[in-house]
Amino acid sequence: MGEYAKKLNVFEYDEWVRRVRKAMIDKDITPLDLASITGYSVKTVYDSLRDYERCSRFFIATVNERLEI
């Protein structure tokens, strides 16, 4: 099932959020841009980067693929 089947634990999630935020800064991408790139809503982007419980493995895989992290 690959990367889509993997659920991050809380510590992995915190590290993933740090990598995503760093990639967004490096590539000059706003949350609005990330929503457009991934096809998710802006609210989903904000919620997923703030709260472990709101972040799905599908969102994680999509962001990893689009940001190449």
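Read the figures in this text as sums done on the coordinates, not as results from a lab. Owing to the predicted nature of the structure, the values given are computational and were not obtained by experimental measurement. Cβ: placed from backbone, ideal geometry, glycine included. Neighbour counts: every protein chain shown.
See the values below:
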read-out: For the chain, the fraction of alpha-carbon pairs in successive 10 Å shells from zero, as %; value: 21, 61, 18, 0
read-out: Size of electric dipole in the chain: Cβ of Lys, Arg +1 and of Asp, Glu -1, about Cα centre, debye, nearest 20; value: 80 debye
read-out: Percent RCO, i.e. relative contact order, over the stretch 2-67, from Cα pairs under 8 Å lying at least 6 residues apart; value: 40 percent
